[in-house]
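The values are calculated or read from the model by the stated rules, or taken from the named source; none is laboratory data. Only a predicted model underlies this, so the values are computations on that prediction, with no experimental measurement involved. So basically every Cβ, Gly included, is an ideal-geometry build from the backbone, and we count neighbours across all protein chains shown.
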Amino acid sequence: MTFSETDFYLNLNSQPENITEVEPFVRKIRSSYPLSDDQYFDILLVLTEAVNNSILHGNGADPHKNVSVKFAVSNRQYRFTITDEGKGFNPEEIPDPTTPDRINTPCGRGVFLMKKLSDSIRYSNKGRTVNINFSIR
């Protein structure tokens, strides 16, 4: 794990146990920026899901590949950028987990939750990068 205290950057190799590094990262941000309890937990859940997806699905849990998480503040937004080194994917092809045929499926809700809990989400770099924004309250 690499963490820079000045620019809020986290770099993880793609081992599933490294997902636990997201919480100290978000706590560090909270120590410098005002986050309500609700917003803290929304950010924590969304980032944990994004990093989990990058490690497991993007990089295939290959410890030789990395996931980076960058944090910035601009235009009354908390901005997070998560990037993996995988082959990418098309987010439009992810099925809606709320349809009757998928409602009882035990997985496939992560991206749906990420969209619901953040203010905006945008994929780029063939799906290898996700930009997630939360409005400053």
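Picking from residues in region 121-137 that are charged (D, E, K, R) and under 12 Å from the mean Cα position of the chain (by Cα), the one that is nearest to F71 (Cα to Cα) is R122. Assess whether E23 counts as being surrounded by fewer than 18 Cβ atoms within 10 Å (Cβ to Cβ), farther than 24 Å from R137 by Cβ, among the charged types (D, E, K, R) and without any contact (Cβ under 8 Å) to a residue 60 or more places away in the chain. Spelling it out, it is not the case that E23 is surrounded by fewer than 18 Cβ atoms within 10 Å (Cβ to Cβ), farther than 24 Å from R137 by Cβ, among the charged types (D, E, K, R) and without any contact (Cβ under 8 Å) to a residue 60 or more places away in the chain. Annotation note: of Y123, Y78, the sole residue that is out of contact with any Lys or Arg (no Cβ under 6 Å at 6 or more places or on another chain), in contact (Cβ under 8 Å) with a residue 24 or more places away in the chain, over 18 Å from D42 (Cβ atoms) and of a type in the set (S, T, Y) is Y123. Against the conditions (1) more than 16 Å from L113 (Cβ to Cβ); (2) of a type in the set (D, E); (3) buried (at least 16 other Cβ atoms within 10 Å of the Cβ), E92 satisfies every one except (3). Please go through region 126-137 and give me each residue that is assigned to a helix (DSSP H, G or I) and either closer than 22 Å to I43 by Cα or small (G, A, S) (or both), ordered by number. Listed by number, the list holds a single entry, G127. What single numbered condition from (1) within 18 Å of D119 (Cα to Cα); (2) in contact with a Ser or Thr (Cβ under 7 Å, 6 or more places away or on another chain); (3) β-branched (V, I, T) fails to hold for V67? Tallying (1) within 18 Å of D119 (Cα to Cα); (2) in contact with a Ser or Thr (Cβ under 7 Å, 6 or more places away or on another chain); (3) β-branched (V, I, T), V67 fails exactly one: (1). Once region 107-119 is narrowed to residues that are assigned to a loop (DSSP other than H, G, I, E, B) and at pLDDT 90 or above, the residue that is farthest from S14 (Cα to Cα) is D119.
For region 88-106, the set of residues classified as out of contact with any helix residue (DSSP H, G or I) (no Cβ under 8 Å at 6 or more places or on another chain), assigned to a loop (DSSP other than H, G, I, E, B), more than 16 Å from E49 (Cα to Cα) and not hydroxyl-bearing (S, T, Y) consists of P95, P100, D101, R102, I103, N104, listed by residue number. Among the residues making up region 28-80, those that are in a helix (DSSP H, G or I), buried (at least 16 other Cβ atoms within 10 Å of the Cβ) and either polar (S, T, N, Q) or in contact with a His (Cβ under 8 Å, 6 or more places away or on another chain) (or both) are Q39, T48, N52, N53, S54. When region 81-120 is filtered for residues that are among the polar types (S, T, N, Q), under 15 Å from D42 (Cβ atoms) and under 11 Å from the mean Cα position of the chain (by Cα), only S118 remains.
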